[in-house]
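Enquirer: First, the structure itself, so that you have it in front of you.
The values are calculated or read from the model by the stated rules, or taken from the named source; none is laboratory data. Bear in mind that the values here come from a model prediction, so they are computed numbers and not experimental data. Glycine gets a Cβ as well: all are built from the backbone with ideal geometry, and neighbour counts include every protein chain shown.
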Amino acid sequence: MSETKNKYPRVLVVAGYGFNQAGGGGITLTNLFEGWPADRLAIIHADVNGNTPGIVKCEFNPDRQCVIPWTSIGVRWRTRDEIAKSAGQSAQAPKAAGSQRGYYWVRTVANTLLKWTGLVGLVERFSVPQETIDKLRYFRADIIYMHPSSISFTRLAIDIKRKLNAPLVVHIMDDYPHSLYTVGIFAKLVSIHMNSLMKKLFAESSLCLGISLFMCSEYRKRYNIPFSCFHNPVNPVFLNNEPRRELVTLEKNGIFRLVYVGRVGWGVAAGLKDISEAVKELANSRVQLAIYANDAESVKRQYGFLRSTPSNVTISESPKNADGIAKILHSADALVLPVDFDEGSIRAIRLSMPTKVPAYLSSGVPILLYGSEKVGFVAEAIEEGWAYVVKVRSKKTLKNAIIFLASSSIFRSKIVDTAFKKAKFFNSEYVREGFREAIAKAATERNQK
């Protein structure tokens, strides 16, 4: 028992997402903590997708309020799912439907006002009731591990740390201090407040982690504290151990199939649209684009370029397990990795590394990366050669790149060989073990004081 305790300390995770396959954050959590005993994990999260059964023993959801900035006056902020559910269960359906429409109207007006003022970061507040704190004290966490994805979650983590008197590990996924609160009249003040909170959070942390080497390097200089890098480890299922299929030219193969697996939304949608339109214009060249996304039908309704896709551009539901995703990646002729070119997207992802990159690198399939070299991992791909990069926003350049990849099997093989070498840095065997050792050391050092 003592060996298990020292090897796997009790960890309380505080994050906006759960242990699941619904998004990059959930996938990263799941893969980093794979093998951790479920009875030594607890989580506080605000993810409607919940947790994959069997991963974590204790699960808690914070109370979410909409408060008047700089006060404690507020009301509970219901999600869309909660509103629809309460209306559907009501015996007075017409009245409930009218109330629901009214609530949506007020909510829309409020969101518009918040966006205009830039105060959105100050009106959302997460908290946990005393009953949850009591249960967490009974859980006896050796360490708190958190992802500070907003002002509200940063406050929550600081509050819980002080109440439980446990050491804290902070893991940064994106450059939140510089990218979250940038729009609105008072956005500058809110951003300053976010930076102040982050400094406080780092000061109270026993260990600070980043998602990429370039993030850790910049954060060391910015905050004058050490940062260690841990990214999403490569699940062995993504390693293509089958005999490598011949990367033939388009003329011999008949079709050239591009594949994208992941989120379709802010930061990638515009880039994916450009790729989609380039593929549409190459229809006569037998080029195809297959997009796999969560809640594909909803995504299709949201984005017009997906509603009007011809037969050579398709969108389907993404598998919810690593095996299914691996089969899709291995079946492609090339994998597309888009990053939007607008300044907001660049600012947000500049120091990040998308969750899908390790799986892409390990797939045995060449990567077509479409994004600005101002983004760290794009510049890295250009320098190291693990992807074919289109670094300017141009459909003409995209089409030429696709045609070149389709016709040059030797070049595609060269990209794959370089990508395999890069993938070794994300190997789950040593990434997950290094992560476990770092967490255990932070917990042990605290317990020995």
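Enquirer: Filter the range 361-401 for residues that are among the hydroxyl-bearing types (S, T, Y) and surrounded by fewer than 16 Cβ atoms within 10 Å (Cβ to Cβ) and give the result. Steps first, please.
Expert: Filtering the range 361-401 down to residues among the hydroxyl-bearing types (S, T, Y) leaves 362-363, 370, 372, 388, 394, 397.
Matches in the range 361-401: S394, T397.
Enquirer: For the range 324-339, check the following and say yes or no: at least one residue is crowded, with 19+ Cβ neighbours inside 10 Å, touching a Lys or Arg at 6+ places or on another chain (Cβ under 9 Å) and closer than 30 Å to Y181 by Cβ.
Expert: Within the range 324-339, one or more residues are crowded, with 19+ Cβ neighbours inside 10 Å, touching a Lys or Arg at 6+ places or on another chain (Cβ under 9 Å) and closer than 30 Å to Y181 by Cβ.
Enquirer: When residues of the range 402-449 are filtered for being surrounded by fewer than 16 Cβ atoms within 10 Å (Cβ to Cβ), among the hydrophobic types (A, V, I, L, M, F, W, C) and under 27 Å from L213 (Cβ atoms), how many remain?
Expert: 3
Enquirer: Continuing with the same structure: Inspect all residues belonging to the range 170-185 and state whether any of them is assigned by TED's automatic domain parsing to the domain that holds R40, closer than 18 Å to L41 by Cβ and either part of a helix (DSSP H, G or I) or under 17 Å from the mean Cα position of the chain (by Cα) (or both). Working first, answer last.
Expert: At the first step, the residues of the range 170-185 found to be assigned by TED's automatic domain parsing to the domain that holds R40 are 170-185.
Going one step further and asking which of them are closer than 18 Å to L41 by Cβ, we end up with 170-171.
Subsequent filtering for residues that are either part of a helix (DSSP H, G or I) or under 17 Å from the mean Cα position of the chain (by Cα) (or both) retains 170-171.
Yes, the range 170-185 contains at least one residue that is assigned by TED's automatic domain parsing to the domain that holds R40, closer than 18 Å to L41 by Cβ and either part of a helix (DSSP H, G or I) or under 17 Å from the mean Cα position of the chain (by Cα) (or both).
Enquirer: Tell me, please, whether a residue that is surrounded by 17 or more Cβ atoms within 10 Å (Cβ to Cβ), in contact with a strand residue (DSSP E or B) (Cβ under 6 Å, 6 or more places away or on another chain) and hydrophobic (A, V, I, L, M, F, W, C) can be found in the range 171-185. Spell out the reasoning first.
Expert: Within the range 171-185, the first condition is being surrounded by 17 or more Cβ atoms within 10 Å (Cβ to Cβ), and the residues that meet it are 171-181, 184.
From the residues that got through so far, the ones that are in contact with a strand residue (DSSP E or B) (Cβ under 6 Å, 6 or more places away or on another chain) too are 171-172.
This time we only want the ones that are hydrophobic (A, V, I, L, M, F, W, C), so: 172.
Yes, the range 171-185 contains at least one residue that is surrounded by 17 or more Cβ atoms within 10 Å (Cβ to Cβ), in contact with a strand residue (DSSP E or B) (Cβ under 6 Å, 6 or more places away or on another chain) and hydrophobic (A, V, I, L, M, F, W, C).
Enquirer: I've got another one for you. Which of the residues spanning the range 244-298 are at pLDDT 90 or above, part of a loop (DSSP other than H, G, I, E, B) and among the acidic types (D, E)?
Expert: Within the range 244-298, no residue meets the criteria.
Enquirer: I've got another one for you. Here are some residues: R412, R393. Which one is touching a Pro at 6+ places or on another chain (Cβ under 8 Å) and over 18 Å from R263 (Cβ atoms)?
Expert: Numbers: R393 fails: touching a Pro at 6+ places or on another chain (Cβ under 8 Å).
Just a single option satisfies the conditions, and that option is R412.
Enquirer: May I ask you to list pairs of residues, at least six apart or on different chains, whose Cβ atoms are under 7 Å apart, with the first in the range 34-52 being in the same structural domain as V169 (by TED's automatic domain parsing) and in contact (Cβ under 8 Å) with a residue 40 or more places away in the chain and the second being assigned to a loop (DSSP other than H, G, I, E, B) and not aliphatic (A, V, I, L, M)?
Expert: W36/Y8; A42/K57; I44/P62; A46/G16; A46/N61; A46/P62
Enquirer: Just wondering, is there one or more residues in the range 18-35 that are surrounded by fewer than 18 Cβ atoms within 10 Å (Cβ to Cβ) and at pLDDT 90 or above?
Expert: Scanning the range 18-35, I find at least one residue that is surrounded by fewer than 18 Cβ atoms within 10 Å (Cβ to Cβ) and at pLDDT 90 or above, so the answer is yes.
Enquirer: Then there's this: Give the residues of the range 393-449 that are among the aromatic types (F, W, Y) and in contact with a Ser or Thr (Cβ under 8 Å, 6 or more places away or on another chain), sorted by residue number.
Expert: Keep residues of the range 393-449 that are among the aromatic types (F, W, Y), which gives 404, 411, 420, 425-426, 430, 435.
Correct list: F420, F426.
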